[in-house]
């Protein structure tokens, strides 16, 4: 009888030890940079602004300059002046087109210095939920880092990852996947 009880206790201890651990939170921030006196790395300059096919495929309505400051956050974000920055498959690096988009968003943020902006990281539907949350986080942080390098104060920026939860295009095609791999910019306070 003692052997049966010991065996049951061992099986239960093994099951508890092997239980699935909860995924890491998507909003974790990286460790602060070291405080050495090395000069900061200079970011690459923004490339010349060019339209990319993916940007043309995703509607980004423009809003009039005359009443932008009087609009509610809901209206402002629905007709957002910001463009999304797109990423390659399994990538969190901004390419030339992505840096050009972020540089354009910097111009808008400099016009409205009281705005607080949340950079949302998004992915296409392929991959696990955990992988896409982590990739979305890296995408949001890449866009945030570039915004800061172009002069936007860090305290005006927030990041969040939605992984594959809010696609621009719900189709299961390569063009839809390209539209969904993005950093999306939302005004969260003005």
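The values are calculated or read from the model by the stated rules, or taken from the named source; none is laboratory data. Note that the structure is a prediction, hence the values are computed from the model and not measured. Don't worry about glycine lacking a Cβ; one is built from the backbone with ideal geometry, like all the others, and counts go over all protein chains shown.
Report yes if residue 80 is touching a residue at least 60 places away in the same chain (Cβ under 8 Å), surrounded by fewer than 21 Cβ atoms within 10 Å (Cβ to Cβ), over 12 Å from the mean Cα position of the chain (by Cα) and assigned to a loop (DSSP other than H, G, I, E, B), otherwise no. Spelling it out, residue 80 is indeed touching a residue at least 60 places away in the same chain (Cβ under 8 Å), surrounded by fewer than 21 Cβ atoms within 10 Å (Cβ to Cβ), over 12 Å from the mean Cα position of the chain (by Cα) and assigned to a loop (DSSP other than H, G, I, E, B). Within this structure, residue 120 fails the test of being in contact with a strand residue (DSSP E or B) (Cβ under 9 Å, 6 or more places away or on another chain), in contact (Cβ under 8 Å) with a residue 60 or more places away in the chain and exposed (fewer than 14 other Cβ atoms within 10 Å of the Cβ). Entry remark, region 163-174: residues being in a loop (DSSP other than H, G, I, E, B), in contact with a strand residue (DSSP E or B) (Cβ under 9 Å, 6 or more places away or on another chain) and surrounded by 15 or more Cβ atoms within 10 Å (Cβ to Cβ) number 3 in total.
Of all positions in region 175-190, at least one carries a residue that is modelled with pLDDT under 95, assigned to a loop (DSSP other than H, G, I, E, B) and closer than 20 Å to residue 68 by Cα. Does residue 119 satisfy the condition of being part of a helix (DSSP H, G or I), at pLDDT 95 or above and in contact with a helix residue (DSSP H, G or I) (Cβ under 6 Å, 6 or more places away or on another chain)? Spelling it out, it is not the case that residue 119 is part of a helix (DSSP H, G or I), at pLDDT 95 or above and in contact with a helix residue (DSSP H, G or I) (Cβ under 6 Å, 6 or more places away or on another chain).
Within the set 160, 148, 152, the sole residue that is in a loop (DSSP other than H, G, I, E, B) and either within 11 Å of the chain's Cα centre (by Cα) or under 15 Å from residue 107 (Cα atoms) (or both) turns out to be 152. For region 131-143, the condition of being in contact with a helix residue (DSSP H, G or I) (Cβ under 9 Å, 6 or more places away or on another chain), part of a loop (DSSP other than H, G, I, E, B) and either more than 22 Å from residue 68 (Cα to Cα) or in contact (Cβ under 8 Å) with a residue 24 or more places away in the chain (or both) holds for none of the residues.
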